[in-house]
Amino acid sequence: MSSRPIAVTASRTLTIAAWIAGIAVWAALPWLLGRGSVDILVFAGLYTIAGLGVSFLLGQCGIVSLAQSVFYGIGAYSTAYGTTVLGWPIPACMLAGIVVSGLVAMLVGTPVLRLSGYFLALATLALAIMGHVLFLEWDWLTGGTLGIGGIPHLSLFGFTLNTPFRFYYFIWPCAAVVLWLHYNLLRSRTGIALRAMRDAPSAAKVAGIRVESLRVRTFILSAVLGSFAGSLFAHYVSFVSIDSFGIDRAIGFLLIAVLGGARSISGTVVGALFVTAAPNLLSRLGEIHPLLFALLLIVAVIFLPSGFGGAFADLWRRLGGSLRPTVKDGTP
Amino acid sequence: MVLSLWIQAILSGVTNGFVYGLIGLGIAVVFRGARIINAMQGDFALLGGVVAYLLVHNLGWPLPAAFLAAMLSGAVCGMLVERLLIRPTARRQGTDDSYLLVTLGGAFAVSASVLLYFGRDSYVLPGIGGDQSVDVFNAAIRVHALALIVIGTLVVIALRWFYRGTRLGQAMLAASIDPDGAQTIGINVPLVRTLTFGLGGLVGGLAGMLVTPLINLHYEMGLLLTLKGFAAAVLGGLTSPFGAVFGGLVLGLVESLAIVTVSSGYKDVIAMTILILIMIVMPQGLFGRRGRMGG
Amino acid sequence: MVRSVSKLLICTAIAAGALATAAIAQPKGEPIKIGAILSLSGPGAGLGQPERAGILLAEQAINARGGINGQPVKIIIEDDGSKPDIAKSKAERLVFDEKVVAMIGPSLTASTGAVSAITNAEGLAQITFTGLGPKIELTYKSLYHVLPPQELNARAMLEYTTKALKAKRIGVLHDTGYGQVVLNSLNALHDKYGVEFTAVEKFEVGATDVSAQAAKVRAANPEVVFVIATSPVPFRNARQVKIEQPIVSAIGSASYDYIRGIGEFADDIVFPEFVVGEDPKPEQKEFVAAFQKAYNALPKNFEAAGWDSAQILASGIAKAGGAKATPKEIAAAIRGVHQGAMAKYDFSRDDMTGIELSSYVFSKVVKGKFERLPFVAK
């Protein structure tokens, strides 16, 4: 039993205290903010989950994916159609969405993920376009431009999650679990393999890591996250239409990933907050708001090259809070 | 199927193809010189069109003069983008994605400004030869579209001469392939980069002036054009202006043939699938150099 | 010294007089808040901006005549950017934080779906600018429409085609958004009118050139061509590939901006619509004159719809008791007949719109202006 340096113990306590304070603030927010603002925070939670899929794929595999809107849509439509037309229970519908998304990701990913760089980005964009067209054409399934309404709300422990207030306390623990699982994934053997594949691909192959299969599996994971978020989205707004699943949504998820900092898992939260809250706050300023958002985006990209997550990590380091052991490049 | 329908499909496909190709050309020029994907290219075109519209409608300028003004404003805009957006990003160690996002932000900014100052309407720009069209076996192609095709081809030839035959062109290539080496032999790399974006903007402004009589000026057209132009450029190998135009032609023809042979609803699915197949089968693009896999 | 005191007294008297006059003219007290969610940016801006013009004009007019039972009206307008998710967020804020007593809008069907899920749960009156949408809207008891269901639009188009043009073979060129919705209704009605759609071609909303689709339509030899889109491109392309047949369009394209965009090819396009500013119906004259005075331009359908929505809500709130009325009472008070500037509505009907075919006005474009046609549908 070694004696720990006092500095480490102190920083440990600081970290725990910070966590507790953070959770307390999180729990108190819905009581302090108006319903409209809580609604924004709920969307931030949904987008954190979907955005994490894109962010993980980008940060660990270097893949720019614009296809997340398709999986988000598959999740939403599966549960919308399943509950309103087929009458299936909600978990079954969400699972169906996840399975379909995973299959699509596998079938499409296997040939496509062999491409690299801009080819791959274009291929994912092509997927997003195709998905959007199919959502429109297959209106027997999706309701086309009219959409599907009357989707039932989720119900947990006897509470119907039909207000932003209630959904807030559901979505953020979900997001936290997802974030925690990813953090663990990074520290596992698979995480090491991912880092090897990203930083030293030839060495990775020599070491026996099946790079192709790893990329596809990460893509499938990303799709599963997108689908899960999409299903939750459908049960929150109780109405879905193709306007929610277009290229602009795909770009939005990519923004979250890059703004949050692709190498940072918790940065995704900040990215999601930015993408949901900023346009809303700016729209109070009137006609000029789209322009302001664009300018804000430019400033954020220029001054935060590793995203918000990277900036926070730097700040944390500078405040001296990094005496505890960290996993390089996987730091949350 | 009626012959005139096939011919219309081909004419329509070639017209659209050159529209995509003109934007793709600009993307290829910027990528060739700076290794950056410019998400604002379609919005350079929008700006060029807006400038031309204002000059022609509000000040009564003749078309050729407005043409030059559009190209010039595109060039100036391109250079401003390099100084105000790209350079600060580079100075702070931006990644490839940062450049993409910063130009995307620029694209949003242009689109939002046009909405703000111009409104949500579409505006008409007169074309070359007015609204006349030429009849080809009962199918029609606008005189302006023919002019677009001719001018587009001339631009490709001009760029080829520029890169091979002029010192500036060679300097651009050198600065992009090996910036440090280029700097060592006396090439002012930062200036050349600015000029690269200027050239991209010039081409964009030209494209805008040529394209808007066909599709009408509209504040949302920037990003849509950029997406198609990007596809065209990538198909062409990303660094070849000629390849970009050819890629655009492939895309345009696939789309219009899909419309007449299969169904207009599924045209994008077919076009995108063929796009993906081409990329898988020809990893260097249609005209890229061997060994460069998709950039 | 005496002079400055008298000066002061005179100034005070004038000021007091001015204040008193102002106080009498202006409605006073806490304003009655109405929420409005419109598409002011994004693809729907072509609808939202005219709607806003009509709403603002109505707000001014209502307050100028003393407000609602003496209290001022304040319409809080939010932009949903043509996105249903944002529309939902704005609705949450307007309904629960601002506590508006009624809602106007949105401009697009998907956004209406998202917002009405909230207003219906609260029983809040909502007057929307979209026609009846998915079936679920029939179960909503406080959602009213000031624009006709697409089925009615389709019927108007078919009435004109079969009765005035005496045609049976129709070619359709439509976009995947607005056009698709209208087409669905057209398809449902083709048996009833005995028409055949010899060609149906679609294109995406931002398409640059649709000559191939237009050529396909022409190759099918229709007698009349329907072009349903929110962009000028298909109209131009149709004429350019030598479609010489009469073109009938839908209300969504009937605006001066689109006509300008279509240029010289706009002549002779027929629109089933409601407001022809050049030749208004008697009940529309007051609104058209007021609009022209305020904006120096002629209004069309969406401006009139905006005006009507605000006026109907004002009269409903007044009927339900003014500032004391609860949202549910207001919703009930509106459920009746209203003669608006755009059309005559009957919100007690099943389709929660109650617009009759006879309200339609058929217009033809002549040199950038609309001319009212004598045809009337019954």
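Coordinate-derived values only; no laboratory data. Treat the numbers as computed from the prediction; the structure is a model and nothing was measured. Note that each Cβ is placed from the backbone with ideal geometry, even for glycine, and that neighbours are counted across all protein chains shown.
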Across peptide C:242-248, how many C-beta atoms of other chains are within 10 Å of each residue C-beta, on average? 1
So for R0 = 22 Å, FRET eff. of A:I23-A:R318 from the Cβ-Cβ r, to 0.05, ends up at 0.35
Zone residues, the range C:117-150, relative to C:K328, backbone N less than 14 Å from point 7 Å out along Cα-to-Cβ: C:120-125, C:141-142
Sequence-distant lysines (8 or more away, or on other chains) whose Cα lies within less than 20 Å of C:K163: C:K192, C:K364, C:K378
From fewest to most C-beta neighbours within 10 Å, the residues A:R215, C:R218, B:R35, B:R83 line up as B:R83, B:R35, A:R215, C:R218
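Indicate the helices, whole DSSP H runs only, in chain C that combine a mean Kyte-Doolittle hydropathy of 1.0 or more with a Cα extent along their long axis of 30 angstrom or more. Before the final figure, lay out the partial values.
On the way: long enough: C:2-25 (34 Å, 1.60).
Flagged H segments are C:2-25.
Shape of chain A from its Cα gyration tensor (a ≥ b ≥ c, root eigenvalues): rounded if a/c is under 1.5, otherwise prolate when a/b > b/c, or oblate? Each step should come with its number before you reach the end.
On the way: a/c = 1.57, a/b = 1.20, b/c = 1.30.
Verdict is oblate for chain A.
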Just report the Cα centroid separation between the range A:234-257 and the range C:98-120, whole Å. 19 Å
Sparse-neighbour loop sites [GluC sites (Glu not before Pro); the range C:276-327; at most 11 other C-beta within 10 Å; DSSP]: none
Each label sits 7 Å from Cα toward the beta-carbon; between A:S188 and B:V76 the label points are separated, in nm, by 5.8 nm
Need the full-extension length gain, C:D350 to C:E122, defined as separation in residues times 0.36 nm minus the C-alpha distance. One decimal, nm. 80.0 nm
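At a 10 angstrom cut-off on C-beta neighbours, averaged per residue, how do the peptides A:164-172, C:150-158 rank from highest to lowest?
Details: A:164-172: 20.4, C:150-158: 24.0.
In decreasing order of mean packing, A:164-172, C:150-158 become C:150-158, A:164-172.
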Where a ≥ b ≥ c are root eigenvalues of the Cα gyration tensor, a/c under 1.5 meaning rounded, otherwise prolate if a/b exceeds b/c and oblate otherwise, chain C counts as prolate
log10 of Debye I(q)/I(0), alpha-carbon scatterers only, for the range A:193-270 at 0.16, 0.27 Å⁻¹: -0.79, -1.25
Which of C:K166, C:K88, C:K364 moves most in a GNM of chain C, Cα contacts under 10 Å? C:K166
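Please give the FRET efficiency for A:E287 paired with C:K367, using the beta carbon to beta carbon distance and R0 = 35 Å, rounded to the nearest 0.05. Kindly include the intermediate steps, with their values, before the conclusion.
Working: r = 32 Å, r/R0 = 0.93.
After rounding to 0.05, the efficiency reads 0.60.
Using Cβ counts within 10 Å as a stand-in for footprinting exposure, how do C:K192, C:K344 rank, fewest first? Can you show the working numbers first?
Details: C:K192 9, C:K344 14.
Starting with the residue having the fewest Cβ neighbours, the order is C:K192, C:K344.
Enter the mean number of other protein chain beta carbons within 10 Å of the beta carbon of each residue in A:140-148, as an integer.
Working: counts 0, 0, 0, 5, 5, 12, 12, 9, 3.
Counting Cβ atoms of other protein chains within 10 Å of each residue's Cβ and averaging gives 5.
Please arrange A:H182, C:H145 by how many other C-beta atoms lie within 10 Å of their C-beta, fewest to most.
Details: A:H182 22, C:H145 25.
Listing A:H182, C:H145 from fewest to most nearby Cβ atoms yields A:H182, C:H145.
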Column: log10 I(q)/I(0), Debye, Cα scatterers of the protein assembly as shown, q = 0.05, 0.10 Å⁻¹: -0.32, -1.26
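Counting only other chains, what is the mean number of Cβ atoms within 10 angstrom of the Cβ of each residue in peptide C:231-240? List each step's numbers first, then the result.
Details: counts 4, 7, 5, 0, 0, 6, 4, 0, 3, 7.
Taking the mean over all residues of the peptide, I get 4.
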Mind jotting down the distance between the C-alpha centroids of the range B:13-27 and the range C:67-91, whole Å? 42 Å
Taking a cut-off of 29 Å between Cα atoms, list the lysines near A:K205, but don't count ones fewer than 8 places away on the same chain. A:K328
Tell me, in nm to one decimal, what length is gained between C:N221 and C:E30 on full extension, where the rule is 0.36 nm per residue of separation less the Cα-Cα distance? 62.5 nm
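Expressed as a whole percent, how much of the Cα-Cα distance distribution for the range B:2-281 exceeds 31 Å? If you can, show how the numbers build up before the last one.
Numbers: 10178 of 39060 pairs.
Of all Cα-Cα distances in the range B:2-281, 26 percent exceed 31 Å.
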Which of the lysines could a cross-linker bridge to C:K367, judged by Cα under 18 Å and excluding same-chain residues fewer than eight apart? C:K300
Treating the angle as unsigned and between 0 and 90°, give the value, to the nearest 10°, between the Cα long axis of helix B:221-235 and the longest Cα principal axis of chain B. 80 degrees
GNM of chain B, Cα pairs under 10 angstrom: of B:S73, B:S111, B:S263, the biggest fluctuation goes to B:S263
Using 0.36 nm per residue, how much length does the chain from A:L141 to A:D199 gain when fully extended, once their Cα-Cα distance is taken away? 16.6 nm
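Just tell me, in residue order, which DSSP H segments of chain A are both 24 angstrom or longer along the helix axis (alpha-carbon based) and at least 1.0 in mean Kyte-Doolittle hydropathy. Before the final figure, lay out the partial values.
Working: long enough: A:6-32 (38 Å, 1.49); A:35-61 (39 Å, 1.30); A:90-112 (33 Å, 2.05); A:117-137 (30 Å, 1.75); A:164-187 (34 Å, 0.75); A:211-237 (39 Å, 1.06).
Membrane-span-like by this criterion, though nothing is claimed about a membrane: A:6-32, A:35-61, A:90-112, A:117-137, A:211-237.
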Of the chymotrypsin sites (Phe, Trp or Tyr not before Pro) in the range B:1-81, which ones lie in a loop per DSSP and count no more than 16 other C-beta atoms within 10 Å? none
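How much FRET efficiency would the formula 1/(1 + (r/R0)^6) give for C:K74 and A:L181, where r is the Cβ-Cβ distance and R0 is 51 Å, rounded to 0.05?
Values: r = 48 Å, r/R0 = 0.95.
Step by step, r from the Cβ atoms, then E = 0.60.
What number, in nm² with one decimal, is the all-direction average of the projected area of the convex hull of the alpha-carbon atoms of the range B:102-203?
Numbers: hull surface 40.9 nm².
Projected area, direction-averaged: 10.2 nm².
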Positive dipole terminus of the protein assembly as shown, leading residue within A:V100, C:M103, C:I243 (C-beta point charges): A:V100
Modelled label-to-label distance, B:D178 and B:L154, 7 Å Cα→beta-carbon offset: nm? 3.7 nm
Taking a 32 Å limit on the Cα-Cα distance, which of the listed pairs C:K166/C:K216; C:K141/C:K168; B:K267/C:K168 fall beyond it? C:K141/C:K168
